[in-house]
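Below is one structure, written out as structure tokens; the observations come after it.
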Amino acid sequence: MTFVKRFDHVGITVADLDGVTAFFVALGLEAGEKMAVEGEFLDTVIGMTGARTEIVMLHAPGGGTTLELSSFTRPDHLPGSPAAPATELGLRNVAFEVRDLQAAVGHAAAAGYGLVGGIGEYEGVWRMAYVRGPEGIIVSLAERVENQGTP
């Protein structure tokens with residue numbers, strides 16, 4: 001039996017919800033309205049009482065899997081590892097296919113977010129780079145390499 005119907009979203013807990021949202025919007029994601037969640041539902045799901053969080057859902061143009069940014073106002077959030085290397089266990093990056101990798105990397109750099117390493121090419125199919133975004137979030141940006149010999 002298969003239980004999964006579809007991939008719905010990835011959630012990231014952040015301290016500066018507005019700042020992180022602005023970063024992803026600048027990359028081209030579209031943000032929904034900020035909403036607050038609290039009460040029995042949230043307390044039950046996260047296993048804490050009296051919790052409150054603000055959430056923004058972001059999606060790529062055209063839809064698909066969403067990115068949920070969540071910032072807890074109760075209880076206080078716990079610090080993460082903003083300089084964690086790509087080899088640290090746990091969720092390490094969120095990945096997006098982009099139209100122009102060099103321009104996306106340049107845009108991130110102009111906003112103060114640098115590369116983790118460099119821009120690599122995989123088997124002539126993908127060019128990819130890791131950018132360390134706000135709060136240490138590693139954002140994988142990938143561009144399909146166009147076949148120059150095909151019209």
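The values are calculated or read from the model by the stated rules, or taken from the named source; none is laboratory data. Every value quoted in this text rests on a predicted model; they were computed, and no experiment measured them. As a convention, Cβ positions derive from the backbone with ideal geometry for all residues, glycine included, and neighbour counts pool all protein chains shown. Heads up: the accessible areas ignore ligands, DNA and RNA and are worked out on the full protein's heavy atoms, side chains in. Shrake-Rupley method; radii C 1.70, N 1.55, O 1.52, S 1.80 Å.
Structural remarks
- Leading residue by the ranking (most open to solvent (accessible area, probe 1.4 Å)) among those in the range 65-85 that are hydroxyl-bearing (S, T, Y) and in contact with a His (Cβ under 8 Å, 6 or more places away or on another chain): T65
- Hits in the range 119-140 - residues which are in a loop (DSSP other than H, G, I, E, B), more than 16 Å from the chain's Cα centre (by Cα) and not small (G, A, S): I119, E123, V125
- Selected residue (criterion: modelled with the lowest pLDDT) from residues of the range 51-64 that are touching a strand residue (DSSP E or B) at 6+ places or on another chain (Cβ under 7 Å) and open to solvent by 40 Å² or more (accessible area, probe 1.4 Å): P61
Here is a yes/no grid of residues against (1) in contact with a strand residue (DSSP E or B) (Cβ under 8 Å, 6 or more places away or on another chain); (2) within 21 Å of L69 (Cα to Cα); (3) open to solvent by less than 70 Å² (accessible area, probe 1.4 Å):
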| site | (1), (2), (3) |
| --- | --- |
| L101 | yes, no, yes |
| G112 | no, yes, yes |
| G124 | no, no, yes |
| A129 | yes, no, yes |
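- Residue count, the range 4-34 (criterion: part of a loop (DSSP other than H, G, I, E, B) and either surrounded by 12 or more Cβ atoms within 10 Å (Cβ to Cβ) or among the β-branched types (V, I, T) (or both)): 8
Residue-wise test of (1) in a loop (DSSP other than H, G, I, E, B); (2) in contact with a helix residue (DSSP H, G or I) (Cβ under 6 Å, 6 or more places away or on another chain); (3) closer than 22 Å to T13 by Cα.
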| site | (1), (2), (3) |
| --- | --- |
| A36 | no, no, yes |
| V45 | no, no, yes |
| L58 | no, yes, yes |
| G64 | yes, no, yes |
| F72 | no, no, yes |
| R99 | yes, no, no |
| Q102 | no, no, no |
| G117 | yes, no, no |
| A142 | no, no, no |
